[in-house]
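Written below as structure tokens is the structure these notes are about.
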């Protein structure tokens, strides 16, 4: 080999090495994964974009190892966040609104939105071909925890249809969120609000029938969001941005793909649910526009949520959109 050829090969190898090294240094995938604990309000196909991001490796691509903890209620999510049991809370923004309204300093901030309407369905004991909300008069409903957004959205729907709880219809809110389906099957109440895949499971077992979508009736609201304590956001902006980027990738995947493809992606997160059910549930949520295509929250939707809270008597004082929501992370993910 001539000296000239040898030097050319050496130069080419050096350039290739620099390119490989540069790629590794600029790609967070080449670094050690940072663990983030996320406390989720419940485990549901309603949150498909997040499970897509987990199973498709989007978080890993962003250098993040996500640990999910099922809290079983927004109040428990907030407790986990405030006591250091979680880095990020995943629940309705009402949890943040309550803490802000109490005057707490350094209260959490919402930095991304995943769903944009109520994801629960009204389930009854009998199949009604042409269900009307007036059919609920005189009945008892299991609505979830008082003060929770599922409870308040249902209340809002009833009020919009001219019914008053305690007079025209009755609530049994003594049962924990995660125990409502079991209580209904055991004979408690005439109706229950259930998230998927629970609602479809009840239908498949012949133990209940889906009659209406609470989200479709209640309208568009920022239903499920990600939030973190203010100091955490301030001290970990780059990490939170990577987390939000991964969520956005999952949201785009759900938006751009069919229910069948999405179902295949999230199936590992629901090992006890068959593929046909997962696909049907994803399609049902797509039909009502439940999934946000990006993480930004609109002020109009926020105001509708505050209207629902006020209607339920749960908003002690007005709160400002800009005091609760930081859209900068979600906007950067889109850009």
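Assorted remarks:
- The stretch 216-244: number of residues that are over 23 Å from residue 80 (Cα atoms) and in a loop (DSSP other than H, G, I, E, B): 3
- Where a residue in the stretch 303-318 is part of a helix (DSSP H, G or I) and its partner, wherever it lies, is loosely packed, with under 15 Cβ neighbours inside 10 Å and at pLDDT below 90, with Cβ under 8 Å and at least six apart: 306/318
- Any hit, the stretch 233-240, residues being buried (at least 23 other Cβ atoms within 10 Å of the Cβ), touching a residue at least 12 places away in the same chain (Cβ under 8 Å) and under 30 Å from residue 35 (Cβ atoms): yes
- The residues listed here are 213, 186; of these, the one that is crowded, with 19+ Cβ neighbours inside 10 Å and farther than 29 Å from residue 83 by Cβ is 213.
- Every test in (1) surrounded by 24 or more Cβ atoms within 10 Å (Cβ to Cβ); (2) over 30 Å from residue 169 (Cα atoms) is passed by residue 106 save one, and that test is (1).
- Options 279, 296; residue that is in contact (Cβ under 8 Å) with a residue 40 or more places away in the chain and in the same structural domain as residue 248 (by TED's automatic domain parsing): 296
- Residue within the stretch 62-81 that is modelled with pLDDT under 95, within 20 Å of residue 233 (Cβ to Cβ) and out of contact with any strand residue (DSSP E or B) (no Cβ under 7 Å at 6 or more places or on another chain) present: yes
The values are calculated or read from the model by the stated rules, or taken from the named source; none is laboratory data. These numbers were taken from a predicted model, which means no experiment stands behind them. Note: ideal-geometry Cβ built from the backbone for every residue, glycine included; neighbour counts use all protein chains shown.
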